[in-house]
Amino acid sequence: MRSVEEHQRIVAEHLPGGAPVALPLAEAEHLVLATDLVAKVALPVFDNSAMDGYAVRAVDVAGADEAPVTLPVTEDIPAGRTDIPTLAPHTAHRIMTGAPVPVGATGIVPVERTDGGVDNVQIRAATSEGRHIRRAGEDVPAGETVLRTGQRVTPPVVGLAAALGHDRLTVWPRPRVLVISTGTELVRPGTALAPGQIYESNAVMLAAAVRDAGAEVLALATVSDDVDEFAAVLDRYAGDTDLIVTSGGVSAGAYEVVKDAFGRDGGQGVQFVKVAMHPGMPQGIGRVGDTTIVTLPGNPVSAMVSFEVYIRPALRAAMGFTHPQRPRRQAILTEALSSPPGKRQFRRGIFDADTGTVITWGPPASHHLRYMASANCLLDIPAEVTDLAAGAAVQLWDLG
Ligand code: AMP
Ligand code: MG
């Protein structure tokens, strides 16, 4: 049997990142910078007032703390005024926050320290050289590198890029993923079930997981256990997609459509392997033409856990994330548990960050999607561990 780590490595190797793309800011959100970000302009762009008040020469109001000084107001400078006036000695300009500081002014007196006059103003406090003036370039000099390759595009990154005059960011692209679920028993939610049918849930779940990982869902398809129908969907999309993810049809029974389509011996581009993990032992990886295909088992918990273990980290590494894995934590198990020998087991769990403890959530079997849906972590139990006592330390993957 192949180890989990070996299969993770092989899946990741099959998913190299695409060439960097320059995307409009909104489309670059949640992606990763593929180049350094260089300031096109300085920040602040020009000397501007940090307060609503009056621009003055500090020397003209030097005694205002003791005796108020009255000055004529000769200009009004709202934010957005594009000419820069010159302040004559012994005058004041009314100025708003963010407005350009007039030539010759050396300080700002906040409006609260004045009578707020429009034609003349009574100044009741002194100011000093540079007081309440935000200098051009004091945050970012023009031409400076402000962010490095590998930086995640968070809301303030978008804000900074815009402030520096960039309307696009160069990022690693989102891989495009085709999700195919297989099974003649599957019908779309919202329609009636005949005896023996169940609602299709893996394709919608895996598509949501693809988007949650930051990648793009090219299309979803559900096919019956008919090799020709499955092959027709592959033909239709192959070439447009970076990754095909299938669920079902890879176990040991008859009517295993994914295995049958590629040849059970794996002769046709896809290797089918058993991985020493639970749930999710039957796995497959290969290529359809130039497109990578990962074939997941059909049981919903197996499919979801397999996505977490193999596909999510590979997608995120391809998108340039420096930490593509879910955050790992250590926690204290508050109950005893047993785990199958020779298999790395991923149990659903509820982690309590306040106490640093974790409990398992639901049975280990791979059809209890209900518990996966309300778990907040996966317990990662090493292959060689078969029993853990209450109070033991366990590693978990924080699902957020
Ligand atoms: P398979 O791997 O195709 O043998 O499927 C294993 C189990 O998972 C069976 O009980 C299937 O009915 C179920 N299953 C497979 N695919 C899906 C799906 N897309 N949605 C819900 N259940 C599924
Ligand atoms: Mg099936």
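With the chain treated as a Gaussian network of Cα nodes joined by springs under 10 Å, which of 103, 245, 153 yields the largest mean-square fluctuation? Result for the chain, Cα springs under 10 Å: 103 fluctuates most.
In straight-distance terms, cross-link reach from residue 274 covers every one of the lysines whose alpha-carbon lies under 18 Å from its own, apart from those fewer than eight places away in the same chain; here that gives 259, 343.
Which residues make up the longest stretch of the chain that has no GluC sites (Glu not before Pro) in a DSSP loop with at most 13 other Cβ atoms within 10 Å? Counting at most 13 other Cβ atoms within 10 Å as exposed, the longest clean stretch of the chain is 139-334. Here the 3J(HN,Hα) profile of segment 66-80, calculated from phi with Karplus coefficients 6.51, -1.76 and 1.60 at θ = phi - 60°, is 8, 9, x, 10, 9, 10, x, 9, 9, 8, 10, 10, x, 4, x Hz, Gly and Pro shown as x. Shown here are the Rg and Dmax of the Cα trace of segment 71-161, at 17.4, 55 Å. Charge dipole of the chain (Cα centre as origin; +1 on each Lys and Arg Cβ, -1 on each Asp and Glu Cβ, all else neutral): 720 debye, rounded to the nearest 20. Expressed as a whole percentage, what fraction of the accessible surface of the chain belongs to carbon and sulfur atoms when a 1.4 Å probe is rolled over the protein heavy atoms? Result for the chain: 53 percent of the exposed heavy-atom area is carbon or sulfur.
Check the straight Cα-Cα distances from residue 40 and name the aspartates and glutamates below 15 Å, setting aside those fewer than 8 residues away within the same chain. Straight-line reach from residue 40, under 15 Å: 138, 139, 144, 167. Highest mobility in the GNM of the chain, judged by mean-square fluctuation with C-alpha springs under 10 Å and restricted to 221, 232, 161, is found for 232.
Taking all protein chains into account, the per residue accessible area for the chain stands at 46 Å² (1.4 Å probe). In segment 50-112, the DSSP beta bridges split such that about 60 percent are antiparallel, to the nearest 5.
Rounded to the nearest whole Hz, the Karplus-based 3J(HN,Hα) values (6.51 cos²θ - 1.76 cosθ + 1.60, θ = phi - 60°) of segment 227-243 follow the sequence 4, 5, 5, 5, 4, 5, 5, 4, 4, 5, 9, 4, x, 8, 10, 8, 8, with x at glycine and proline. Angle of helix 4-13 to the longest C-alpha principal axis of the chain, folded into 0 to 90 degrees and rounded to 10: 60°. Of all DSSP beta bridges confined to segment 243-400, the antiparallel ones make up roughly 75%. Entry for the chain at q = 0.11 Å⁻¹: log10 I(q)/I(0) = -0.83, Debye formula applied to identical alpha-carbon scatterers, no solvent contribution. Across 268, 325, 122, mean-square fluctuation computed from a Gaussian network of the chain (C-alpha pairs under 10 Å connected) peaks at 122. Using the Cβ of residue 25 as centre and a radius below 12 Å, the other residues enclosed give a net charge of -2, where K and R count +1 and D and E count -1.
Considering only beta bridges that DSSP places wholly inside segment 179-315, some 40 percent are antiparallel.
The values are calculated or read from the model by the stated rules, or taken from the named source; none is laboratory data. Since the structure is predicted, the reported quantities are computational estimates derived from the model, not experimental observations. Cβ atoms come from the backbone with ideal geometry, glycine included; neighbour counts cover every protein chain shown. Only protein heavy atoms, including side chains, enter the accessible area calculation; ligands, DNA and RNA are left aside. Shrake-Rupley method; radii C 1.70, N 1.55, O 1.52, S 1.80 Å.
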